[in-house]
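Asks: Here it is, the structure in full.
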Amino acid sequence: MFVWLMVLLPLSVAAAPYAALVMDARNGKVLHAQNADTRLHPASLTKMMTLYIAFEAVQNGELTMDTLITVSRKAAAEEPSKLGLRPGQQIKLRYLVRAAAVKSANDAATAIAEGIEGSEAAFARRMNRTAKAMGMTRTTFKNAHGLTESGHLSTARDMTILGQHVIYDYPQYYNLFSRKTADAGVRRVNHTNSRLLSSYRGADGIKTGYTRAAGFNLVASAERGSERVIATVFGGRSTATRNARVAELLDLGFKKSPTWVKMRTPDRPPYLGKGAGAGGIVVANTSDPAPGTRAKSIRVASAAVTRSLRPKARPGSTVDPAKVAPLVASVGKDIERELQEIVLASDTAPDPAPDDPDVVILADVTDVAAPAESKKPVQRPAAVAAAAAVAAAAATLTFKDTPTLARKAEVVTRLSTSGGRHWGINVGRFPNEYLAQKMLLKTGLTETATLDDALRKVVRGKTGFDAMFMGMTRDGAELACRRLQARQMTCFMVGPS
C-alpha cells in the first residue's frame, strides 16, 4: 500500500522549492518575502507576459481583438491544458486571449505568440525585452505558455512585478482574469482557480500555474476598499495547500498595508514591438510588411524636442475690430453656458456602451441612483451666481482701437471668482471617465455638507482618470477628506498648482 501511494504522489512537485512574496500593489512596497529572488520554473504564470504583450500589440495597432489568427501545427500540438485548436483553423484573437487568461490554454498562448511575432521564438525575445524594461531582472522566457523548458525561469519577485503591471498598465482588460467562465469561440471555458475567486473576499485574479517541475504556482490579487495586495507563491504541493497559503499571505498583506498611501503605480515600459525604433519610440513604417515579417522602421536619433513646433506670428499681422467685436460680445454667454455644463455634467451623463466586449467596466458603484423626481438637473445657486458674475465681467471687455498686435492691448483671458478657493480633493483614479464621474456623483451625495459648493472635475492622466472636487478652501478640503476617510473612502488633498 505504501509503495502504491508513493507511485501516485508527484515526487517532483513535493520537492519543488518554495518561494513567496507579498506586495502592496499601490506603491510596490514588499510586505513579506521568502526565497523571492530564487530562479524557479514559473509554469503558466508565463501567460501573464503573453497576454500583456497581446494587450500592448492591440493598443499600438499591430492587430485588433477581431484579427483572425491561423493556428499552426505547433500550436495545435501543445500539451494540455488546451482549448483544442486544429491546424489551419482561424480564430479571433479575443477568443485566444480569453482561453489563455481563463483556462490557461497552452495552444491558445502559442497561437497568440505566432499571430503577433510570426514565431514563438521571436515572441519569446520580445517577452524578454519587455521583462527587462519592467525591471524583471532574473527572468528568462523561452516560450509563451510556460511548459517546462531548460532556462525558462523566473522568481516570485519578478512575477509579482509583472502582476502589478498587468493590473495598472491595462486596467481595461484586467477583468478577464476574474471571469469564472468565458466564451472562447469554439466552446465555453472555466477558470482554473474559481475556488479562490469565490472564497476569498476581494480576490479578482490573476494567474495560476502548474507543472511537475514547478509545483503549484499562483499570483493572486485582492482589493478591499482602497487597499490592493498581490501575493505570489511558487512550489505549492497541491491546489488546496497553495490556495490556503495564498489566502494567508493576502491576509498578512492587508494587515501590514496602511489604509491610505500615496499611489505610486509602476511606469509602463516603452513599446518594444513592431514599429518601435530605438529607445522604444514608435516610428513610421516605410513600407507594408509581408506577412510574418517585421516592418522597416526609421530610426530616430533622439526623442528630445529641440525647438518649438508652434507657428510664429506673421510680421505686421492685424486684428480687424469689426470681426472681433461679435466674438467679444458672445464671451459672457459662452462662459455662463460652460460653467453650468460643468456643474450639471455628472447629473446627466449617460451610461457608456463599450465597443469592445473585452473592454468592460472593472468596478461598479451601486446604490447611488437618485429618485425619479430628482433626475432633473439641479442648478446650484453658487455656480449660477459665479457664471453670472463672469458673464457680466466678460461683457465689459472691449478691444482698443489698435490696428496691430504690436500695440500693448490688455486682454483678460481668465477672471477668477474663486475667492481664494484654490484647494481640492482627489477621491480616486479610474480606468475611464464614466467611472470617475460616477464616483464624483456618489461622493457628492454622500458628503453634501462639505462638497455641495465644490466643482466636480475629471482630470485625465497617464495612468487613468482622477475624480476631483475643486474650488475649496484648505480648511474645507481637509475637513472633507477627514469625513470621507472616516467612511472608509479614498481621499487626499490637492493644493494650488
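Asks: Could you go through the range 123-141 and let me know if any residue there is at pLDDT below 95, assigned to a helix (DSSP H, G or I), buried (at least 21 other Cβ atoms within 10 Å of the Cβ) and assigned by TED's automatic domain parsing to the domain that holds Asn27.
Replies: No, the range 123-141 contains no residue that is at pLDDT below 95, assigned to a helix (DSSP H, G or I), buried (at least 21 other Cβ atoms within 10 Å of the Cβ) and assigned by TED's automatic domain parsing to the domain that holds Asn27.
Asks: Report yes if Arg268 is charged (D, E, K, R), assigned to a loop (DSSP other than H, G, I, E, B) and under 24 Å from Asn426 (Cβ atoms), otherwise no.
Replies: So Arg268 passes the test.
Asks: Restricting attention to the range 15-54, and to residues there that are touching a Gly at 6+ places or on another chain (Cβ under 8 Å) and among the charged types (D, E, K, R), which single residue is surrounded by the most Cβ atoms within 10 Å (Cβ to Cβ)?
Replies: Only one residue tops the list, namely Lys47.
Asks: Just to verify a result, which residue in the range 443-472, among those that are outside any strand (DSSP E or B) and surrounded by 18 or more Cβ atoms within 10 Å (Cβ to Cβ), is farthest from the chain's Cα centre (by Cα)?
Replies: Thr450
Asks: Got at least one residue in the range 402-424 being touching a helix residue (DSSP H, G or I) at 6+ places or on another chain (Cβ under 9 Å), buried (at least 17 other Cβ atoms within 10 Å of the Cβ) and modelled with pLDDT of 85 or more?
Replies: yes
Asks: What residue, among those in the range 162-202 that are of a type in the set (Gly, Ala, Ser) and under 16 Å from Met48 (Cβ atoms), is modelled with the lowest pLDDT?
Replies: Here the residue is Ser178.
Asks: Taking Gly185 as meeting all but one of (1) farther than 21 Å from Asp37 by Cα; (2) crowded, with 21+ Cβ neighbours inside 10 Å; (3) touching a Phe, Trp or Tyr at 6+ places or on another chain (Cβ under 8 Å), write down the number of the exception.
Replies: All conditions are met except number (2).
Residues are listed down the side, and each one gets a yes or a no for (1) in a helix (DSSP H, G or I); (2) under 23 Å from Gly185 (Cα atoms):
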position: Ala20; (1), (2): no, no
position: Ala33; (1), (2): no, no
position: Met49; (1), (2): yes, yes
position: Ala57; (1), (2): yes, yes
position: Glu62; (1), (2): no, yes
position: Lys82; (1), (2): no, yes
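Asks: For Ala182, all conditions in the list (1) under 30 Å from Arg129 (Cβ atoms); (2) assigned to a helix (DSSP H, G or I); (3) not β-branched (Val, Ile, Thr) hold save one; what is the number of the exception?
Replies: Of (1) under 30 Å from Arg129 (Cβ atoms); (2) assigned to a helix (DSSP H, G or I); (3) not β-branched (Val, Ile, Thr), only one is false for Ala182: (2).
Asks: Can you work out which of the residues in the range 124-161 that are of a type in the set (D, E, K, R) and without any contact (Cβ under 8 Å) to a residue 60 or more places away in the chain is farthest from Asn106 (Cα to Cα)? Talk me through it step by step, then tell me what you get.
Replies: Of all residues in the range 124-161, those of a type in the set (D, E, K, R) come to 125-126, 129, 132, 138, 142, 149, 157-158.
Next, from what is left, pick out any that are without any contact (Cβ under 8 Å) to a residue 60 or more places away in the chain: 125, 132, 142, 149, 158.
Numbers: Arg125: 18, Lys132: 24, Lys142: 14, Glu149: 14, Asp158: 21 Å.
Across the range 124-161, the extreme among qualifying residues is Lys132.
Asks: Among the residues of the range 142-165, which ones are under 14 Å from Val229 (Cα atoms) and touching an Asp or Glu at 6+ places or on another chain (Cβ under 7 Å)?
Replies: Residue satisfying the conditions is Arg157 alone.
Asks: Give the residues of the range 97-114 that are buried (at least 24 other Cβ atoms within 10 Å of the Cβ) and either among the basic types (Lys, Arg) or closer than 13 Å to Lys274 by Cβ (or both), sorted by residue number.
Replies: The one that is buried (at least 24 other Cβ atoms within 10 Å of the Cβ) and either among the basic types (Lys, Arg) or closer than 13 Å to Lys274 by Cβ (or both): Arg98.
The values are calculated or read from the model by the stated rules, or taken from the named source; none is laboratory data. Fair warning: this is a prediction, and the values are worked out from it, not measured in the lab. When we count neighbours, we look across all protein chains shown, and the Cβ atoms used for this are built from the backbone with ideal geometry, even at glycine.
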